[in-house]
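Input: a single structure, listed below in structure tokens.
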Amino acid sequence: MDISSYVLLSHEQALKRRLDVAANNIANMNTTGFRRERPVFREYVARDETPAARTIAQARTTSYVLDYGAMHDTVAGGFQSTGNPLDLMIDGPGYLAVEAPGGGTAYTRAGFIKINQDGELTTAGGLRLRGEGGAPIAVPIEQLDTLSIGPDGTVTAKDGPLGRIAVTVFDDERGVSPRGDGLMAATGGRELAAAETSFKTGGVEGSNVEAIVETTSMVDILRAYQSSMKMSQDIEDMRRRAIDRLGRIS
């Protein structure tokens, strides 16, 4: 293939990536705490040092599209009331830290809170919620009826505070990647202090995906891909005509 074909191919690969991301956003529009992704691309400029290119300044560089990853839209989703006083939504940045399956720590924005048979706070999937310092939060069985969660995440029962739900933030959201089941994997986070933490209780955070926006994006992607295919066909037709003319001259 010539340079123009490689450029078009890089563009079409970028369009495929955009389509995959938009489709995943739409598939998760009803997922609690899901934040839409946005693909990030960068320009790669290749220099052509062949003798022919040196004679034409504009032909010495070729620009390609490279996939640079995906970023999460940090705009919060809407508050969805559940009627459960233990359910919560982080009112601000950050993630709840949970004990990941197989060990380690995972992160989530889904605030469905349950209590397991040992009296520990868990997610809806049964993963133990981590409090300050990474420790689980346990509630004495006899005090379950008096359990409450304060605006700063402090868990309180009849005999006083039992711990505080930790919120972890990451300075670079590019390092936060989905691992499935509404969980995120990341490193290098820091826990927010109580004064920096704010929760809304009695409900959870909905997805911030807007169906109209994603559907419109998919239509734009389809049109861009059709234009790219037409341009590719036009280049191929031009190449064939050039070969045909050269054949006649010879």
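Taking the criterion of being touching a residue at least 40 places away in the same chain (Cβ under 8 Å) and in a loop (DSSP other than H, G, I, E, B), the residues of segment 99-115 that qualify are 100, 109, 110, 111, 112. When the test is whether a residue is surrounded by 12 or more Cβ atoms within 10 Å (Cβ to Cβ), touching a Leu at 6+ places or on another chain (Cβ under 8 Å) and modelled with pLDDT under 90, residue 101 passes it.
The single condition from (1) in a loop (DSSP other than H, G, I, E, B); (2) open to solvent by less than 40 Å² (accessible area, probe 1.4 Å); (3) under 23 Å from residue 101 (Cβ atoms) that residue 184 fails is (1).
Any chance segment 86-98 includes a residue that's charged (D, E, K, R) and either crowded, with 22+ Cβ neighbours inside 10 Å or in contact with a His (Cβ under 6 Å, 6 or more places away or on another chain) (or both)? Yes - at least one qualifying residue is present in segment 86-98. Taken over segment 116-149, the criterion of being part of a loop (DSSP other than H, G, I, E, B) and within 15 Å of residue 96 (Cβ to Cβ) is satisfied by 124, 125, 126, 127, 135, 137. For residue 231, state whether it is touching a Leu at 6+ places or on another chain (Cβ under 7 Å), open to solvent by 70 Å² or more (accessible area, probe 1.4 Å) and of a type outside the set (Asp, Glu). The answer is yes for residue 231. Annotation: of all residues in segment 28-59 being modelled with pLDDT of 75 or more and open to solvent by 80 Å² or more (accessible area, probe 1.4 Å), the one that is farthest from residue 183 (Cα to Cα) is 38.
Against the list (1) under 22 Å from the mean Cα position of the chain (by Cα); (2) farther than 26 Å from residue 7 by Cβ; (3) modelled with pLDDT under 95, the condition residue 218 fails is (2).
Taking segment 1-42 as the range and being in a helix (DSSP H, G or I) and of a type in the set (S, T, N, Q) as the test, the residues that pass are 4, 5, 10, 13, 24, 25. Against the numbered list (1) more than 24 Å from residue 114 (Cβ to Cβ); (2) in contact with a strand residue (DSSP E or B) (Cβ under 8 Å, 6 or more places away or on another chain), residue 218 comes up short only at (2).
So that you can scan it fast, the table gives a plain yes or no per residue for (1) in contact (Cβ under 8 Å) with a residue 60 or more places away in the chain; (2) on the phi > 0 side of the Ramachandran plot:
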residue: 195; (1), (2): no, no
residue: 198; (1), (2): yes, no
residue: 202; (1), (2): yes, yes
residue: 207; (1), (2): yes, no
residue: 219; (1), (2): no, no
residue: 225; (1), (2): yes, no
residue: 231; (1), (2): yes, no
residue: 237; (1), (2): no, no
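Here segment 150-177 is the region considered, the condition is being assigned to a strand (DSSP E or B) and in contact (Cβ under 8 Å) with a residue 40 or more places away in the chain, and the residue that is most open to solvent (accessible area, probe 1.4 Å) is 154. Checking each residue of segment 167-183 against the condition of being farther than 16 Å from residue 72 by Cα and hydrophobic (A, V, I, L, M, F, W, C) gives at least one match. Residue 209 fulfils the conditions (1) touching a strand residue (DSSP E or B) at 6+ places or on another chain (Cβ under 6 Å); (2) closer than 21 Å to residue 112 by Cβ except for a single criterion, (1). Taking segment 16-41 on its own, how many of its residues are β-branched (Val, Ile, Thr) and under 10 Å from the mean Cα position of the chain (by Cα)? Matching residues across segment 16-41 total 1.
The values are calculated or read from the model by the stated rules, or taken from the named source; none is laboratory data. It should be emphasised that the depicted structure is a prediction, and the values quoted were computed from it without experimental measurement. Please note: Cβ atoms are built from the backbone with ideal geometry, for glycine as well, and neighbour counts cover all protein chains shown. We work out accessible area using only protein heavy atoms, side chains counted, and drop any ligands, DNA or RNA first. Shrake-Rupley method; radii C 1.70, N 1.55, O 1.52, S 1.80 Å.
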